[in-house]
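The values are calculated or read from the model by the stated rules, or taken from the named source; none is laboratory data. Computed from a predicted structure; not experimentally measured. All Cβ positions, even for glycine, are placed from backbone atoms using ideal geometry, and neighbour counts span all protein chains on display. In case anyone asks, the SASA skips ligands and DNA or RNA and just uses the protein heavy atoms, side chains included. Shrake-Rupley method; radii C 1.70, N 1.55, O 1.52, S 1.80 Å.
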Amino acid sequence: MEAVKIKENIYWVGAIDYDVRIFHGYETPQGTTYNAYLILDEQVTLIDTVKAPFTNEMIKRIESVIPLDKIDNLISNHVEPDHSGALSELALRCLNAKIYTSPNGQKGLKAYYRALQGRPMEVVKTGDSISTGSYSLQFVLMPMVHWPDSMATYLVEEKVLFSNDAFGQHLACPERYDDEIGLERLLERAGDYYANIVLPFGIQVNKLIGDISGLTFEMICPSHGVILRQYIAEVAEKYAFWAGDGVQEDKAVIAYDTMWGATRLMAEKIAAELKEEGIKAELLNLGRMHVSEAMKHTLEAKYIFIGSSTLNRGVMHTVAAFLSYLKGLNPKKRIGMAFGAYGWSGESVGIIEEALTSMGYEMRPARKAQWWVEEE
Ligand code: FEO
């Protein structure tokens, strides 16, 4: 378990989780990484840690560079346990190390970890910085990207931003850099991540982009996935687009589930009609995919049409799950439509219409079919 030198005096010492498939409800079909970074200077600094089961792996990587007790500063950019899971162990083994975190970070770390309850912490805010000798580390609070405690750390002299969840991707792979996986795969993974993790926080992402706009970057080192060094501008541009509720004007998703096929036929018919309008539709069978996969496809869709057969006077449970997930992630300024087939009562369409209307969507007229016959 060797550290990976990513720049003079900077090492990746994280862990690659090839096996994780569910990440607090979000499907991670390609696994993920928990990235931690070690900076050597007169004072040695570790930025973030890893999920608890990977503690020993991270420690071995650190010890391939320096003895563990040489760490002077532990910077916790984010309390969520995928990044702080090894912090209490490290704090116990590096008793003289100072812990730096945001105001909400201090509250969260003490709440999560008994071992940290009595440990003094240095609380920092945007504009604060510390010197580690020849390097300066500046802090930028970025609340809600992805939790209230989240912050980024900027290494001024090397022009490296340790951005924690921002600009991350859930991707386990041997490669550590964006140019090694290529732009297409990078944006696909970054989009999946944004759609399922960051989407509700567009205002906060815009603020972060503003806060870091005066900085220059040679690398952006997120806490998940590969390090950005070649495609920084492309990913930043995409973040600005998504945070501004950017969509493809000619893209629709038609997400549905169907009992005996009538709702699916409606979905196909609607897709054909959209094609006539010059709108490309993707059909998402919610009975055949996880909600987070469906959400990835929905990220840039101007049109979100949702269909369900009526089942037990409601919608199918897969559609209910997607509606709940969609509402939580809250993509804005879309055009919606409800549709569905039924046998005798037909409540599903009204339920979907109410859900999409409550999200502020401009609605196209709902469509219902009894058995196989669409109502006029
Ligand atoms: Fe990767 Fe919000 O934790």
- Percent of accessible area on the stretch 4-243 owned by carbon and sulfur, 1.4 Å probe? 51 percent
- Query: Cα-based Rg of the chain per 2.2 N^0.38 Å, rounded to two decimals?
  - Reply: 1.11
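Loop only by DSSP, 16 or fewer other Cβ within 10 Å of the Cβ. Give me the trypsin sites (Lys or Arg not before Pro) in the stretch 1-37 that pass, ordered by residue number. Don't skip to the end; give the middle numbers.
Details: sites: Lys5, Lys7, Arg21; in loops: Arg21.
When the trypsin sites (Lys or Arg not before Pro) of the stretch 1-37 are filtered for loop state and at most 16 Cβ neighbours within 10 Å, Arg21 remain.
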- Task: Sticking to Cα atoms, compute the Rg of the stretch 179-237 to one decimal and its Dmax as the biggest Cα-Cα distance, whole number, in Å.
- Result: 11.7, 31
- Using a Gaussian network model of the chain with C-alpha springs under 10 Å, which one of Gly85, Gly246, Gly328 is most mobile by mean-square fluctuation? Gly328
- Message: Nothing charged except the Cβ atoms of Lys and Arg (+1) and of Asp and Glu (-1): what's the magnitude of the dipole of the chain about its Cα centre? Round to the nearest 20 debye.
- Response: 780 debye
- Message: Restricting to bridges with both residues inside the stretch 4-243, how much of the DSSP beta-bridge set is antiparallel, in percent to the nearest 5?
- Response: 65 percent
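How about the stretch 1-71: which chymotrypsin sites (Phe, Trp or Tyr not before Pro) there are in a DSSP loop, with at most 13 other Cβ atoms within 10 Å of their Cβ? It would help to have the intermediate numbers written out before the result.
Values: sites: Tyr11, Trp12, Tyr18, Phe23, Tyr26, Tyr34, Tyr37, Phe54; in loops: Tyr18.
Here the chymotrypsin sites (Phe, Trp or Tyr not before Pro) that fit, given the DSSP loop and packing criteria, are Tyr18.
Do the sum for the chain: with -39,500 (n - 2.57) for every DSSP H run of n ≥ 4, divided by all residues, what is the mean residue ellipticity at 222 nm, to the nearest 500 deg cm²/dmol?
Values: 12 runs with 114 residues, N = 376.
Per the formula, -8500 deg cm²/dmol.
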- Task: Nearest 5 is fine: what % of DSSP beta bridges in the stretch 252-374 come out antiparallel, could you say?
- Result: 15 percent
- Query: Roughly what angle does helix 317-329 make with the longest principal axis of the chain, taking Cα atoms, 0 to 90 degrees, to the nearest 10?
  - Reply: 50 degrees
- Message: As an exercise, identify the trypsin sites (Lys or Arg not before Pro) in the stretch 161-215 lying in DSSP coil whose Cβ has no more than 16 other Cβ atoms within 10 Å.
- Response: none
